[in-house]
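Engineer: Below: one structure in structure tokens.
What follows is calculated from the coordinates using simple rules that are stated; it is not laboratory data. What you see is a predicted model, and the numbers here were worked out from it, not measured in a lab. Heads up, the Cβs are rebuilt from the backbone with ideal geometry, glycines too, and the neighbour counts pull from every protein chain shown.
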Amino acid sequence: MGIWSCLGTSLEEVKESLYNGKSGIGIEQERLTYGYQSALTGIVPKPMLKGLIDRHLRRGLSEEAEYALMASSQAFKQAGIDDEYLLNNEVGCIFGNDSSAKPVIEAAKIMDEKHDTELLGQSFIFQAMNSTVNMNLSTIFHLKGVNFTLSAACASGSHSIGLAYMFIKNGLQDMVLCGGAQETNYYSMASFDALGAFSKNMDDPTKASRPFDRDRDGLVPGGGAAALVLEDYDHAVARGAEILAEIVGYGFSSNGTSGISQPSDEGCARAMMRAMEDAGVKPSDVDYINAHATSTRQGDMYEAMAIDKLFRGEHALISSTKSMTGHECWMAGASEMVYSIIMMLNDFVAPNINLENRDEHTEHLNLTSKTVDTKVDIILSNSFGFGGTNSALVARKMK
Amino acid sequence: MNRTELEEKVKNFLIEDLEIDEEKIFPDAKLKEDMGIDSLDFVDIVVIVEKNFGFKIKPEEMVGVDTYAKFCDYIETKVN
């Protein structure tokens, strides 16, 4: 697996950040000039691709596709997959992505000024489509298997792993590159900022994202990319691959309610139950829950109610890594699986930082605001999105 | 704009914008075979030339323009 996020650009860097409860959130002043209510964002380094890959391969890459390329390169390397393997075998690609605002807006600006499509150049079309990540990764890595993008709002990354898992479980693919990518440019989040959903605690950026805390005032947008190489177990063993963890359960649901941004405890719980049932585990088997909790009052509350319903009295530790990363949106479901597997591999649970005064719905939740050194064998990771889409994944440590 | 200035400008955008190695740019260099310019690059070249020289390339006028020298000749004709 591979990661490019505000917590670091390698698994090792991200492990350190998670263990030390280090926030990756900061200020992008341009957002205020542009007209945002909040300048808070996850600060994600831009990859330097010039000189690394040929311009012909680079020209169609959107910002989020660049992040995805970096994360996927790490993931293939860690999985022991080289160019020769990719040229001679069938590998699929299902990536989560749900916007590509910058090239859309920049192309529209040129059209408004010039009124001539011949003056747009060739790259906008390959950068502007939601499938920008898939189309670029599949051509750069010469992938020959299943190839499509999954758009499911803030659950996109999680569903992409779930679907890749299903393709492999059903014997349709031996190996699938999956994950999630999220642009961080200021064009991309203006319409989300419009909802007044973002924290305005700009005096103290690292304290701004406070899932489950009484004094939260909204979420902080973030981004980057996370990639996982999912592979059939026997295939991986036969190849002598380093197996990090086993995906054993995928649960999905739709809230079935009428509010487009309205969460549902019942919908969340159904996704979690379905994932555990698929994995053949009980709530008492789960050691860690990576909560979706974004630091909004409504979202945190409904998830807290759902977790309480299923896990009250159980030992599973709970934290929202969004307290450190902000809400990585389309990428979040994938990055949070990477974060959880890092914890599993290194015997710790990362803290829900900024949890100073729990809200009234978390009384019975086993939340941790401090890093806990402990064995983690089974994790559950939640992701929920606009329109009532829910996804939950269960992963198990390799014995 | 004299020929030397024009060639300098063309060479610069080929190196900077299209990342073509300087040693691959010589009068008889074939745009496709030697310099590696493909059909999508030509879409960008229309934009770059418009920015640098103030006119829009017409595809029908590019027929037979297959080397660096001929490309500079074409631009020279349009600019002057």
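Engineer: Between A:Thr139, A:Thr117, A:Thr294, where does the largest GNM mean-square fluctuation fall for chain A, given springs only between Cα atoms within less than 10 Å?
Structural biologist: A:Thr117
Engineer: What residue among A:Gly51, A:Thr149, A:Ala39 has its Cα farthest toward the positive end of the dipole of the protein assembly as shown, where the charges are +1 on Lys, Arg and -1 on Asp, Glu, each on the Cβ?
Structural biologist: It is A:Ala39.
Engineer: Taking N as the number of residues in region A:140-260, what value does Rg over Cα atoms divided by 2.2 N^0.38 Å take? Write down the numbers at each step before the final one.
Structural biologist: Values: Rg = 18.6 Å, N = 121, 2.2 N^0.38 = 13.6 Å.
Cα Rg divided by the expected 2.2 N^0.38 Å: 1.36.
Engineer: Cα centroids of region A:321-399 and region A:133-153: how far apart, whole angstrom?
Structural biologist: Computed from Cα coordinates, the inter-centre distance equals 27 Å.
Engineer: Return the distance in nm (one decimal) between the two label points of a simple spin-label model at A:Met166 and A:Arg358, each offset 7 Å from Cα along Cα→Cβ.
Structural biologist: 3.6
Engineer: Fewest Cβ neighbours within 10 Å first, please rank B:Val79, A:Val338, A:Val133 accordingly.
Structural biologist: Fewest-to-most Cβ neighbours within 10 Å comes out as B:Val79, A:Val338, A:Val133.
Engineer: As a test, work out the antiparallel percent of DSSP beta bridges whose residues both lie in the protein assembly as shown, rounded to the nearest 5.
Structural biologist: On the way: 37 of 57 bridges.
Percent antiparallel among DSSP bridges in the protein assembly as shown is about 65.
Engineer: A further question on this structure: Just how far, in whole angstrom, is region A:49-65 from region A:223-286 if you go by their alpha carbon centroids?
Structural biologist: For region A:223-286 versus region A:49-65, the Cα centre distance is 31 Å.
Engineer: How far apart, in nm, are the 7 Å Cα→Cβ label points at B:Asp66 and A:Asn89?
Structural biologist: With each label point 7 Å from Cα toward Cβ, the separation is 4.3 nm.
Engineer: I would also like to ask the following. Need the full-extension length gain, A:Glu30 to A:Asp217, defined as separation in residues times 0.36 nm minus the C-alpha distance. One decimal, nm. Please list the in-between numbers first.
Structural biologist: On the way: separation 187, 0.36 × 187 = 67.32 nm, distance 2.12 nm.
That works out to 65.2 nm of additional length.
Engineer: Given a Förster distance of 22 angstrom, what is the FRET efficiency for A:Glu13 paired with A:Ile53, based on the Cβ-Cβ distance and rounded to 0.05?
Structural biologist: Values: r = 22 Å, r/R0 = 1.00.
Efficiency computed from Cβ-Cβ geometry: 0.50.
Engineer: Additional query: Treat the count of other C-beta atoms within 10 Å as a stand-in for reagent exposure and order A:Leu7, A:Leu119, A:Leu150 from fewest to most. Kindly include the intermediate steps, with their values, before the conclusion.
Structural biologist: Numbers: A:Leu7 29, A:Leu119 15, A:Leu150 26.
With the sparsest Cβ surroundings first, the list reads A:Leu119, A:Leu150, A:Leu7.
Engineer: Go through A:Lys50/A:Lys200; A:Lys46/A:Lys375; A:Lys46/A:Lys102; A:Lys109/B:Lys56; A:Lys46/B:Lys56; A:Lys15/A:Lys144 and tell me which ones have a Cα-Cα distance over 24 Å in this structure.
Structural biologist: With Cα atoms farther than 24 Å apart: A:Lys50/A:Lys200; A:Lys46/A:Lys375; A:Lys46/B:Lys56; A:Lys15/A:Lys144.
Engineer: Which longest run of chain A has no exposed loop site in it, a site being GluC sites (Glu not before Pro) in a DSSP loop with at most 14 other beta carbons within 10 Å, and the site itself not part of the run? Mind dumping the intermediate values first?
Structural biologist: Working: sites that count: A:Glu90, A:Glu242, A:Glu356, A:Glu360, A:Glu363.
Looking at chain A, A:91-241 is the longest stretch - no exposed GluC sites (Glu not before Pro) with at most 14 other Cβ atoms within 10 Å.
Engineer: Hey, in the GNM for chain A with a 10 angstrom Cα cutoff, which one of A:Ala39, A:Ala332, A:Ala236 fluctuates hardest?
Structural biologist: Largest GNM mean-square fluctuation: A:Ala236.
Engineer: Within a Cβ distance under 11 Å of A:Ile27, other residues only, what is the Lys/Arg minus Asp/Glu net charge?
Structural biologist: On the way: positive: A:Arg31; negative: A:Glu28, A:Glu30, A:Asp203, A:Asp204.
Neighbour charge sum, excluding A:Ile27 itself: -3.
Engineer: Just A:Thr149, A:Thr184, A:Thr371 to compare: in a GNM of chain A, with alpha carbon springs under 10 Å, which one fluctuates most?
Structural biologist: Largest GNM mean-square fluctuation: A:Thr371.
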